[in-house]
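**Student:** So that we are looking at the same thing, I have put the structure below in structure tokens.
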Amino acid sequence: MGKIILTGDRPTGNLHIGHFVGSVQNRLKLQEQGDFEKFYIMIADTQAMTDNADNPDKVRKNVIEVALDYLGAGIDSKKVNMFIQSQVPELAEITMYFLNLVTVSRLTRNPTVKDEIKQRGFNASLPVGFMCYPISQASDILAFNSTCVPVGEDQLPMIEQTREIARTFNHTYKEIFTLPEPLLPDNKTCLRLVGTDGSLKMSKSAGNCIYLKDEPDVIKTKVMNCYTDSNHIKISDPGKVEGNVVFAYLDAFATDESFKKYLPEYKNLTELKNHYKKGGLGDVKIKMFLNNILQETLEPIRKRRKEYEKNIDEIYSMLFENAKKAREVAAETIEKMKSAMGLDYYHKSL
Ligand code: TRP
């Protein structure tokens, strides 16, 4: 059996360059390699509702935004089944059975969920659905018997939880699930791209993102405002490369080709970094270089997106058809699960 790939994002905002290098690029690579049996990309609106129950409009609006971002980035809806999570209700049924296989104390140890709870300041108002989303995410993955999950680093605890649930199910009832493997980007900087302000993560609420759909002038302004090194005041001052956002982005995006094209006086990033560290290289120069690279990367994405924006109805019908197909697969999994658990009353008595 070939690879079954499943991945997704919560529709709470547009995709940014952190998503791009963290997971979208890997998805595009997998799509081009074509070495898979099935490839699903899910827009996780049900999961987005776990901390946006009072703001469904935001989720609804962002479903189509994220779909446009995917298509703009080059995801091909003929090769990949792109669907909306809430339109596959089988996932909710699977979650009901998985909820019984995880302890509350295990859930509270999930480091990503812990961080998110802190970030959102939930305290006593923590919704049960939010606490349990890793279990629902396990359903997303296992419903399709996925073997490969291309994600960013923050999703590793979810994959670990999914593997535990699969193992417990297999052990308690019957061997029906394959244990999925995460697929991370090889480039370390891409695991978690810093925000333009230098904070650890790009996030909409921090206002430190460069979005895939940003217009050229917006990209340029954001690049020019990127945090570099607060002690690098005069050009002649030695500069720091660690913690410098421009260099973090260059690590993620610059290739030797980019140097040939936009900054031929340096051979590669190591040379540029060495000059910066020594002193004598100004921030404007490295920012202009980064701007050129990002403009080149994002222009085709933005243009393709604009084309898709003209056919929103078609995108919704594609998502609708895909959800139908996904439902069939998930329903088969439920049948297997119920039969493994002995909840298949009618078949047995026939
Ligand atoms: N948790 C992911 C995010 O925060 C979204 C997601 C939901 C997902 N279900 C998934 C990712 C299954 C990979 C596989 O964006």
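**Student:** Going by the conditions given, is residue 172 assigned by TED's automatic domain parsing to the domain that holds residue 46, among the polar types (S, T, N, Q) and within 16 Å of the ligand (Cβ to nearest atom)?
**Tutor:** So residue 172 does not fit the description; no.
**Student:** Also: Taking only the range 64-75 into account, find how many residues are free of Cβ contacts under 8 Å to residues at least 60 places away in the same chain and among the aliphatic types (A, V, I, L, M).
**Tutor:** So the count comes out to 2.
**Student:** Which residue out of 207, 129 is over 15 Å from the mean Cα position of the chain (by Cα) and not in a helix (DSSP H, G or I)?
**Tutor:** Residue meeting the stated conditions: 207.
**Student:** Next question, about the same structure. Just to be sure, is residue 233 surrounded by 13 or more Cβ atoms within 10 Å (Cβ to Cβ) and either assigned by TED's automatic domain parsing to the domain that holds residue 299 or touching a residue at least 12 places away in the same chain (Cβ under 8 Å) (or both)?
**Tutor:** no
**Student:** Further question on the same structure: Can you tell me how many residues in the range 1-25 are assigned to a helix (DSSP H, G or I), surrounded by fewer than 22 Cβ atoms within 10 Å (Cβ to Cβ) and within 12 Å of the ligand (Cβ to nearest atom)?
**Tutor:** Number of matching residues: 0.
**Student:** Tell me the helices (runs of 4 or more DSSP H) entirely within the range 263-350 that contain at least 2 residues that are among the charged types (D, E, K, R) and surrounded by 12 or more Cβ atoms within 10 Å (Cβ to Cβ).
**Tutor:** Filter on the range 263-350 gives 269-278, 283-309, 312-341.
The values are calculated or read from the model by the stated rules, or taken from the named source; none is laboratory data. All of these numbers come straight from a predicted model, not from anything done at the bench. Neighbour counts are summed over all protein chains in view; Cβ atoms, including those assigned to glycine, are modelled from backbone coordinates with ideal geometry.
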